[in-house]
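Visitor: The structure's right below; bear with me while I get my questions together.
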Amino acid sequence: MNLLVLGANSDVAYAVAAAFARHEKASILLASRNMELLEKKVQDLTIRYGVEVSCCYFDVTDFESHAAFYESLQKKPDVVVYSAGYMPEQQADAQKNYKEAQKIFAINFSGAAAMLEVVAGDFEKQGHGSIIGISSVAGERGRQSNYIYGSSKAAFNSYLSGMRNRLCKRGVHVMTVLPGFIHTKMTESLELPELLTAQPQEVAEDIYRAFRKKKNIIYTKWFWRWIMLVIKSIPEAVFKRMGL
Amino acid sequence: MELTSWGRYPRIKASGKHFETREQLKRQMDQDGDLIAYGMGRSYGDSALNQRVVFSSRFNKIMNFNPETGLVACESGVSLQELISVFLPQGWFLSVTPGTRLISVGGAIASDVHGKNHHVAGCFSTSVDSFELMLPGGEVVLCSREENERLFRATCGGMGLTGIILTAVIRLQKVKSAFIRETVKQCRNLEEIFHCFEQYQKLPYSVAWIDCLESGEKVGRSVLMAGEHADTGSLDIKLNRPVSVPFDFPGFCLNRYSVKLFNRLYYHTRSTFVENRLVPLDPFFYPLDSIGHWNRIYGKGGFTQYQLVLPKTASYEGLKLILDRIAKQGLGSFLAVLKLCGPGNGNDLSFPIEGYSLALDLKIEKKLFPFLNELDRIVIDFGGRLYLTKDVRMSKDVFRKGYPLWETFAELRETMGMKEKFNSLQSRRLEV
Ligand SMILES: Cc1cc2nc3c(=O)[nH]c(=O)nc-3n(C[C@H](O)[C@H](O)[C@H](O)COP(=O)(O)OP(=O)(O)OC[C@H]3O[C@@H](n4cnc5c(N)ncnc54)[C@H](O)[C@@H]3O)c2cc1C
Ligand SMILES: NC(=O)c1ccc[n+]([C@@H]2O[C@H](COP(=O)([O-])OP(=O)(O)OC[C@H]3O[C@@H](n4cnc5c(N)ncnc54)[C@H](OP(=O)(O)O)[C@@H]3O)[C@@H](O)[C@H]2O)c1
């Protein structure tokens, strides 16, 4: 199995790569921007799991490069994981500075949409493959503290759902991953409730298991399905007064 | 954030940042004020605590492995557990391991940890070929026995006070199986257990559980567990996910009666003598790792471990006195461990010296610290010392008397600017 990880320097992505290396002995290509980190991870995963790992530079916001990037891949992937993400402080940064908001949309959504479209074209032709998009429960309902990031994820959710609709007819699997809180560098400066916060390894195991079962949409950890059910069911008239 | 370590005492407000690259760490260091490295927080006391810490857990990549020599190069945040799960299936195991696999390589070097094989294999540093250290100005130096030997000796056992350990090259030992040939023997008192340790000295691993509530004739009643790597059995190892203690036990659960009952049961359910039975390596080395958050049984107030070592010639008399005091005080400890250590290694602050080491877990309570102050005096009078990585309370004087090389260490810190950059609550208390 060939695995391509986009935004591979994300902590979740590293754990997902490790899970596929461990369970599938997959050959892995790590694509992201920080090459120093990627090269370390190549060594690390190779030694830990005895699998073939390589890396290359990839910027999801460099839209023009996407087609050529995919074209240049020696071995076309069987599974593509999209894990790049960006979540700055909203009030201080994203609300005041549209450039920040734009970056959120570009990394979390439009970059993904552009790149995965290239992948989808190939998978559709091949009639096989899996696309795993790491989105967020934040996309399920906008909240005052985080709606810019949330809306980028909401867009990604709709995008993945439509793509699933299109590609299932060709036997291509598209999975939407909706994580809750995870301990990663993205959330390092936040005080997260310990009981609700997962380690990247736990999320990665959930993702791998769901991939094997060809799931459409998964919440990870599992209880987020129920938390979101409650949050989504609050009437808007009440919700708008809440301080979430 | 709230920060604490394994003893959950003290708990402090602190700020902490992870680093994944040297530049990120350097940026942390460039900020004003001092800091200390925090590995996996398995030290019991305040040696990894400071208002500002840097977390090494994401600096955890394995860089190289030579299957001919068993040399591994890795970053300091890699845990011993990860090394075991990657290399044991290939027939390699840690040369030295403490009683938990949930510690980082950086923490293993900084505390120069020892294991059940100290009498034959020495401390963790024996298996360290070299490491890279980031100094106060952000420059990185390679330290080994050949290069920057002074820094090597100060850093192994130096409790993070000389700099941040970045990467290390460590030597694994070849093993044929993931099993141990274990011998278990009940000993009725201190004399018997001392005799037993000597008798089984040839075996690479030995340690004893000791009942601290017995006195008089039975003082030192214990169970020796010794072993060696087996030749047979598979190399596969399954590191089970621990079952967790879900919440803090209320304080009253732990008292002299419950401890006494536990100790009785523990002693009497061991066979009086078993020789060479085959046991998996994991429970042999890491019995406690199968229970997550077991530190919660000591309740919200936390606990500490008092670990001392006495020179061999003074061990019998000294331990008898100490055990007697403990029994009288009724400060029973579920976990009391006795071990015969081999010769010291001359590092500035490495703990083991040739003689007997005793370690007891004790719940923090009002009467505890005054009592431990009394024990300190006995330890010092008999020429012993306390283990820094377990300590949360010893005085500057006890530290200085126990570690005669403290001055050399303090001097190095002074001259190399480490004293301004690297501090823990412990280093401030000990004024080192
Ligand atoms: C159940 C249990 C059993 C144990 N058994 C033993 C035993 O048998 N023998 C033994 O010797 N010890 C034992 N210990 C103690 C433990 O091995 C040490 O405290 C070890 O140092 C913990 O490592 P850590 O990664 O958790 O470090 P931490 O607790 O986070 O830090 C410990 C010290 O190491 C320093 N440090 C950590 N990382 C770095 C770095 N990268 N650079 C510089 N300094 C660093 C810290 O500043 C601090 O001074 C045991 C502990 C537990 C909880
Ligand atoms: N952490 C959480 O609590 C949480 C919760 C729900 C959902 N999520 C989602 O889960 C995914 C992974 O999150 P994480 O916490 O693992 O993230 P992370 O550790 O913060 O990593 C995000 C990664 O995205 C990469 N990236 C950013 N911009 C990029 C670009 N232009 N091109 C290529 N790569 C880029 C970065 O790689 P480089 O360093 O190479 O630039 C960075 O390492 C994200 O989509 C996130 O939104 C996270």
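Visitor: Taking the beta-carbon count within 10 Å as an exposure proxy, list B:Lys17, B:Lys185, A:Lys41, A:Lys232 from fewest neighbours to most.
Guide: Working: B:Lys17 17, B:Lys185 21, A:Lys41 24, A:Lys232 11.
Fewest to most other Cβ atoms nearby, the residues stand as A:Lys232, B:Lys17, B:Lys185, A:Lys41.
Visitor: Using the Karplus curve 6.51 cos²θ - 1.76 cosθ + 1.60 with θ = phi - 60°, work out ³J(HN,Hα) for each residue of segment B:347-356 in order, rounded to whole Hz, and write x for Gly and Pro.
Guide: Once θ is set to phi - 60°, the couplings for segment B:347-356 become 5, 3, 10, 5, 6, x, 10, 5, x, 9 Hz.
Visitor: For segment A:119-244, what is one quarter of the convex hull surface built on the Cα atoms, given in nm²? Don't skip to the answer; put the middle values down first.
Guide: Values: hull surface 34.3 nm².
Spelled out: convex hull of the Cα atoms, projected over all directions, averaged, 8.6 nm².
Visitor: I want the antiparallel fraction of DSSP beta bridges within the protein assembly as shown, as a percent rounded to 5. Write down the numbers at each step before the final one.
Guide: On the way: 65 of 103 bridges.
Beta bridges within the protein assembly as shown, antiparallel portion: roughly 65 percent.
Visitor: Give the Rg/Rh ratio for segment B:84-237, taking Rg as the radius of gyration of the Cα atoms and Rh as the Kirkwood radius, to two decimals. Show your work: numbers first, answer last.
Guide: Values: Rg = 18.6 Å, Rh = 17.5 Å.
Reported Rg/Rh, Kirkwood definition of Rh: 1.07.
Visitor: I need to check one value: relative contact order of chain B, counting alpha carbon pairs closer than 8 Å and at least 6 residues apart, in percent.
Guide: Details: 992 pairs, mean separation 79.9, N = 432.
In percent, rounded to a whole number, it is 18.
Visitor: What is the protein assembly as shown by shape, rounded, prolate or oblate, if you read a ≥ b ≥ c off the alpha carbon gyration tensor as root eigenvalues and call it rounded for a/c under 1.5, prolate for a/b larger than b/c, and oblate otherwise?
Guide: Details: a/c = 1.90, a/b = 1.84, b/c = 1.03.
Prolate, since a/c reaches 1.5 and a/b exceeds b/c.
Visitor: Taking just the alpha-carbon atoms of segment B:365-432, what radius of gyration and Dmax come out, in angstrom?
Guide: Gyration radius and largest Cα-Cα distance of segment B:365-432: 13.1, 40 Å.
Visitor: Further, regarding this structure: For chain B, place one equal point scatterer on every Cα, skip the solvent, and apply the Debye formula. What is log10 of I(q)/I(0) at q = 0.06, 0.08, 0.11 Å⁻¹?
Guide: -0.23, -0.42, -0.83
Visitor: Among A:Met1, B:Met416, B:Met225, which comes first, then next, by fewest other beta-carbon atoms within 10 Å? Spell out each step's value before the answer.
Guide: On the way: A:Met1 14, B:Met416 19, B:Met225 22.
Listed from fewest to most nearby Cβ atoms, that is A:Met1, B:Met416, B:Met225.
Visitor: Order the peptides B:148-161, A:127-140 from the highest to the lowest mean number of other Cβ atoms within 10 Å of their residues.
Guide: On the way: B:148-161: 23.9, A:127-140: 21.4.
Going from most to least packed, we get B:148-161, A:127-140.
Visitor: Can you tell me the convex hull volume per residue for segment B:62-175, based on C-alpha atoms, in Å³ to the nearest whole number?
Guide: For segment B:62-175, the hull spanned by Cα atoms encloses 97 Å³ per residue.
Visitor: Still on this model: Return one quarter of the surface area of the convex hull spanned by the alpha-carbon atoms of segment B:164-245, equal to its mean projected area, in nm². Don't skip to the answer; put the middle values down first.
Guide: Working: hull surface 38.7 nm².
Over every viewing direction, the Cα hull of segment B:164-245 projects on average to 9.7 nm².
Visitor: For all pairs of alpha-carbon atoms in segment B:179-401, what percent lies in each bin of width 5 Å, listed from the first bin to the last filled one?
Guide: In order of increasing distance, the bins hold 1, 6, 13, 17, 19, 18, 14, 8, 3, 1, 0 percent.
Visitor: Using the structure shown, select from A:Lys40/B:Lys26; B:Lys116/B:Lys390; B:Lys300/B:Lys320; A:Lys25/A:Lys213; B:Lys260/B:Lys363; B:Lys328/B:Lys396 the pairs with a Cα to Cα distance greater than 20 angstrom. Spell out each step's value before the answer.
Guide: Details: A:Lys40/B:Lys26 18 Å; B:Lys116/B:Lys390 17 Å; B:Lys300/B:Lys320 32 Å; A:Lys25/A:Lys213 18 Å; B:Lys260/B:Lys363 15 Å; B:Lys328/B:Lys396 27 Å.
Those over the limit are B:Lys300/B:Lys320; B:Lys328/B:Lys396.
Visitor: Could you tell me whether segment A:1-56 comes out rounded, prolate or oblate from its Cα gyration tensor? Rule is a ≥ b ≥ c as square roots of the eigenvalues, rounded for a/c under 1.5, then prolate if a/b exceeds b/c, otherwise oblate. Write down the numbers at each step before the final one.
Guide: Working: a/c = 1.65, a/b = 1.42, b/c = 1.16.
Prolate shape, in that a/c is at least 1.5 and a/b is the bigger ratio.
Visitor: Could you please state, rounded to a whole Å, how far the C-alpha centre of segment A:17-51 is from the C-alpha centre of segment A:198-244?
Guide: 27 Å
Visitor: Related question: Order these by the 10 Å Cβ neighbour count, fewest first: A:Arg241, A:Arg33. Walk me through the numbers on the way to the answer.
Guide: Values: A:Arg241 7, A:Arg33 16.
By the 10 Å Cβ count, ascending: A:Arg241, A:Arg33.
Visitor: In peptide A:40-50, how many Cβ atoms from other protein chains are near each Cβ within 10 Å, on average?
Guide: 5
Visitor: According to the square roots a ≥ b ≥ c of the eigenvalues of the Cα gyration tensor, what is the shape class of segment A:2-239, taking rounded for a/c under 1.5, prolate for a/b larger than b/c otherwise, and oblate for the remainder? If you can, show how the numbers build up before the last one.
Guide: Values: a/c = 1.42, a/b = 1.38, b/c = 1.02.
Because its axes are fairly even, with a/c under 1.5, segment A:2-239 counts as rounded.
Visitor: On to the next question. Over all distinct Cα pairs, what is the inverse of the mean 1/r for segment B:250-308, reported as the Kirkwood hydrodynamic radius in Å?
Guide: Numbers: mean 1/r = 0.0696 Å⁻¹.
Averaging 1/r across every pair of different Cα atoms and inverting gives 14.4 Å.
Visitor: A further question follows. Compute the separation of the alpha-carbon centres of segment B:261-329 and segment A:104-171 and state it in Å as a whole number.
Guide: For segment B:261-329 versus segment A:104-171, the Cα centre distance is 55 Å.
Visitor: Please report the relative contact order for segment A:2-239, taking Cα pairs under 8 Å with a sequence separation of at least 6, and give it as a percent rounded to a whole number. Show your work: numbers first, answer last.
Guide: Details: 408 pairs, mean separation 43.5, N = 238.
Across segment A:2-239, relative contact order equals 18 percent.
Bear in mind that the values in this text are calculations on the coordinates, not laboratory data. Keep in mind it's a predicted model, so treat the numbers as computed, not measured. Cβ atoms come from the backbone with ideal geometry, glycine included; neighbour counts cover every protein chain shown.
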